[in-house]
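The values are calculated or read from the model by the stated rules, or taken from the named source; none is laboratory data. Bear in mind the structure is a predicted one, so any value in this text is a computation, not a measurement. Cβ placement follows ideal geometry from the backbone for every residue including glycine, while neighbour counts extend to all protein chains displayed. Each accessible area value is taken on the protein alone, full model and side chains, heavy atoms only, with ligands, DNA and RNA left out. Shrake-Rupley method; radii C 1.70, N 1.55, O 1.52, S 1.80 Å.
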Amino acid sequence: QVQLEESGGGLVQPGGSLRLSCTASGSIVSISTMGWYRQAPGKERELVATISSDGIRNYEDSMKGRFTISRDNARNTVYLQMNGLNPEDTATYYCNTEATPYYVDGIFYTGPSGLHYWGQGTQVTVSS
């Protein structure tokens, strides 16, 4: 199984910055895409940004220029640097990774590659 641990959320004032991190651990064969999604109260979960294993980045239009996604493959970690935050960015931010596990519940995994895993989420609140 693959586990994701997120950190870096918190309360910031408008215009402030936060850096989120997410580390994958467990029985991992490989990790392809890593990314971030967010969900505000009463809203559907939406894409923030993703980064592929070869470094190709994909941003939601509203986040371009303010957010930067990066990854450290040696640490199985993805980061999201968020600058110029505004109240509309308030949401729970979820880490997501496309990965292939070695084992699932102690059984060697032979199914399709590229399973999706989600973190528990980290809260980002932007308020004055």
Query - Residues in segment 34-51 reached by a label modelled at GLN3 [backbone nitrogen below 20 Å; 7 Å Cα→Cβ] - result: 35
Requested in this report: May I ask you to list the GluC sites (Glu not before Pro) in segment 22-69 that are in a DSSP loop and have at most 14 other Cβ atoms within 10 Å of their Cβ?
Outcome: GLU44
Query raised in the report: For the chain, what % of the accessible area comes from carbon and sulfur atoms, probe 1.4 Å?
Result: 47
Report task. Taking only protein heavy atoms into account and a 1.4 Å probe, give the accessible area per residue of the chain in Å². Result -> 53
Query raised in the report: Stretched out fully, how many nm does the piece from THR125 to LEU11 gain, at 0.36 nm a residue minus the Cα gap?
Result: 40.6 nm
